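For reference, the structure is listed below as structure tokens.
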Amino acid sequence: MGLTRDARLAVTMVKSALSNRRAQKTLRRRLAAQAPLEPHRFVVAVYFADGVVNMYQLRQWYKPLAELSKTWPVLILSRASEAALTILDESPIPVAYVRQVSDLEQVIAEQDIRIVFYVNQNAKNFQMMRYGRRWHVFINHGESDKVYMTTNQFKAYDYSFVAGDAALSRLNKVLWDFDFDKRAIAIGRPQADFYSGRLPYTPDERQVVLYAPTWEGDRAAAAYGSIASHGVELVRALLTTRRHRLVYRPHPRSGVVDHAYGAANREILHMIGLANAADPSAHHFCDTGAELGWQLAAADVAIVDISAMVYDRLAAGKPLIVTRPADSGVQIDTGGYLSDCEWLKAEDAANIVSIVDDVSHGDEGRRRLARWVRYYFGDTTPGVATARFHTAVQHLMDEWEHNAALHAADGEVDDYHDRSEEDEL
């Protein structure tokens, strides 16, 4: 078993290295053909040191950032070649490829970056955070009650933009001696203002059910994924009713750690293919697209794992079901919405049709859901979260101006750099 795993890992590493080399060549040609970035234009940067597999963390911010850039020009800083190529293809925001620290320093020297956003906790964030005279702001890639959301790494940033009261309460339990009033700014969920997109089917009388599981996790305490424990059974049940349309959106990392988890994902894909072949009018859909939004708005009921998807859907204010991890050792924060949600246990997955029927009706359930929506996101009236996001950025810009005036006589000081760290991901 160990030898098989090692061989599989070796093959993956070789393929990754070859793919990376091809991407670098293509990227060099693309960058050489396009005009250089206009000097001193960009004042906000989004630092992304990850590869393509974690692009979902950045993609959800495209539309809010595009709107922000109408006031404060935004630039994405990408450290990995394949990710940079993908961003160039799909992002409405300009991108700079900063493979080495020297590339990063050049961009910093040529632009007037005042705010740097971070969407994750990649270790290479610290290669950017060394640069002072600007605000480093953690904006995260979603709201959730995962243990990831209470990491002490929040303290590394000058500020953090959080969703609402739930996030502040969660962090207050673990971040000792942290100035929440100054450094944690609640903005709601601006991404929810842009839940839209073209549907891959024509709406009809079928009830649309979104099943959006997360990956298997890299440790037992974070094994929130349900594909192997719940997914196969619940998908099989929904595909047989002829009154449901399934939109299946697996996490892009599904199966990267556990081969059996990946096999269960492939089994679901196979079942959906067979169901569509047997009934072409069903239009069940396997969603692996980059855009997230239409799924959350269009689904009548959503089934999700403990992940940011719970709260992405919660922001839509529509019925959802949360899978209960099959492993009793998984850490679950039941102090918030998860204390009052509609749980789906693995042993009940085959009964999903009746469970979906139950959560689709009932005024009390909707009232309870609305209370939790306010607790996590505040006012979800369309446009309000975007306005709060812009207000928070304006506040930091004002603070930057204030501090720049205080230090105007300090003179220029070279930012620290270490050439030994000039390597790509």
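Output the residue which, of all residues in the range 312-360 that are among the basic types (Lys, Arg) and outside any helix (DSSP H, G or I), is farthest from residue 162 (Cα to Cα).
Of everything passing the filter in the range 312-360, 345 is farthest from residue 162 (Cα to Cα).
Restricting to the range 284-309, name every residue that is surrounded by fewer than 23 Cβ atoms within 10 Å (Cβ to Cβ) and of a type in the set (Asp, Glu).
Once the filter is applied, which keeps residues that are surrounded by fewer than 23 Cβ atoms within 10 Å (Cβ to Cβ) and of a type in the set (Asp, Glu), the range 284-309 yields 287, 291, 300.
For residue 281, all conditions in the list (1) of a type in the set (Ser, Thr, Tyr); (2) assigned to a helix (DSSP H, G or I); (3) surrounded by fewer than 20 Cβ atoms within 10 Å (Cβ to Cβ) hold save one; what is the number of the exception?
(2)
Return the residues of the range 217-244 that are in a loop (DSSP other than H, G, I, E, B), within 20 Å of the chain's Cα centre (by Cα) and not basic (Lys, Arg); say none if nothing qualifies.
Scanning the range 217-244 gives 217, 218, 223, 224, 225, 226.
Restricting attention to the range 63-90, which residues are buried (at least 22 other Cβ atoms within 10 Å of the Cβ) and under 18 Å from residue 51 (Cβ atoms)?
76, 77, 78, 79, 80, 81, 83, 84, 87
Return the residue satisfying two criteria in turn: it lies in the range 170-223 and is closer than 29 Å to residue 331 by Cβ and among the hydroxyl-bearing types (Ser, Thr, Tyr), and of such residues it is surrounded by the most Cβ atoms within 10 Å (Cβ to Cβ).
Within the range 170-223, the match that is surrounded by the most Cβ atoms within 10 Å (Cβ to Cβ) is 211.
Quick one: would you say residue 163 is without any contact (Cβ under 8 Å) to a residue 12 or more places away in the chain and among the small types (Gly, Ala, Ser)?
It is false that residue 163 is without any contact (Cβ under 8 Å) to a residue 12 or more places away in the chain and among the small types (Gly, Ala, Ser).
I need the full set of residues from the range 245-271 which are crowded, with 18+ Cβ neighbours inside 10 Å, part of a helix (DSSP H, G or I) and touching a Phe, Trp or Tyr at 6+ places or on another chain (Cβ under 8 Å), in order please.
261, 268
Quick one: which of 29, 5 is part of a helix (DSSP H, G or I), more than 15 Å from residue 80 (Cβ to Cβ), modelled with pLDDT of 80 or more and among the basic types (Lys, Arg)? It would help to see each step written out before you state the result.
Values: 5 fails: modelled with pLDDT of 80 or more.
Selected residue: 29, the only one of 29, 5 that is part of a helix (DSSP H, G or I), more than 15 Å from residue 80 (Cβ to Cβ), modelled with pLDDT of 80 or more and among the basic types (Lys, Arg).
Which numbered condition trips up residue 192, out of (1) over 18 Å from the mean Cα position of the chain (by Cα); (2) of a type outside the set (Val, Ile, Thr); (3) farther than 19 Å from residue 268 by Cβ; (4) not in a loop (DSSP other than H, G, I, E, B)?
All conditions pass for residue 192, except number (1).
Looking for something assigned by TED's automatic domain parsing to the domain that holds residue 63, within 20 Å of the chain's Cα centre (by Cα), over 21 Å from residue 55 (Cα atoms) and not hydrophobic (A, V, I, L, M, F, W, C) - is there at least one such residue anywhere in the range 130-139? Can you show your working first?
Within the range 130-139, the subset assigned by TED's automatic domain parsing to the domain that holds residue 63 is 130-139.
Still in the list and also within 20 Å of the chain's Cα centre (by Cα): 136-139.
The next check asks that each one be over 21 Å from residue 55 (Cα atoms); those that pass are none.
Among the residues of the range 130-139, not one is assigned by TED's automatic domain parsing to the domain that holds residue 63, within 20 Å of the chain's Cα centre (by Cα), over 21 Å from residue 55 (Cα atoms) and not hydrophobic (A, V, I, L, M, F, W, C), which makes the answer no.
Going residue by residue through the range 334-352, is there one that turns out to be under 19 Å from residue 60 (Cα atoms) and either without any contact (Cβ under 8 Å) to a residue 60 or more places away in the chain or in the same structural domain as residue 167 (by TED's automatic domain parsing) (or both)?
So far as the range 334-352 goes, no, none of its residues is under 19 Å from residue 60 (Cα atoms) and either without any contact (Cβ under 8 Å) to a residue 60 or more places away in the chain or in the same structural domain as residue 167 (by TED's automatic domain parsing) (or both).
Yes/no matrix, rows are residues, columns are (1) closer than 30 Å to residue 387 by Cα; (2) touching a Pro at 6+ places or on another chain (Cβ under 6 Å); (3) of a type in the set (A, V, I, L, M); (4) not assigned by TED's automatic domain parsing to the domain that holds residue 293:
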| position | (1), (2), (3), (4) |
| --- | --- |
| 28 | no, no, no, yes |
| 32 | no, no, yes, yes |
| 40 | yes, no, no, yes |
| 55 | yes, no, yes, yes |
| 63 | yes, no, no, yes |
| 78 | yes, no, no, yes |
| 105 | no, no, no, yes |
| 116 | yes, no, yes, yes |
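Matching residues to (1) modelled with pLDDT under 95; (2) in the same structural domain as residue 303 (by TED's automatic domain parsing); (3) touching a Pro at 6+ places or on another chain (Cβ under 7 Å); (4) among the hydrophobic types (A, V, I, L, M, F, W, C):
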{"site": "158", "(1), (2), (3), (4)": "no, no, no, no"}
{"site": "170", "(1), (2), (3), (4)": "yes, no, no, no"}
{"site": "212", "(1), (2), (3), (4)": "no, yes, no, yes"}
{"site": "238", "(1), (2), (3), (4)": "no, yes, no, yes"}
{"site": "250", "(1), (2), (3), (4)": "no, yes, yes, no"}
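The values are calculated or read from the model by the stated rules, or taken from the named source; none is laboratory data. Everything numeric in this text was worked out from a predicted model, so none of it was measured. Every residue, glycine as well, gets a Cβ built from its backbone with ideal geometry; the counts of neighbours run over all protein chains shown.
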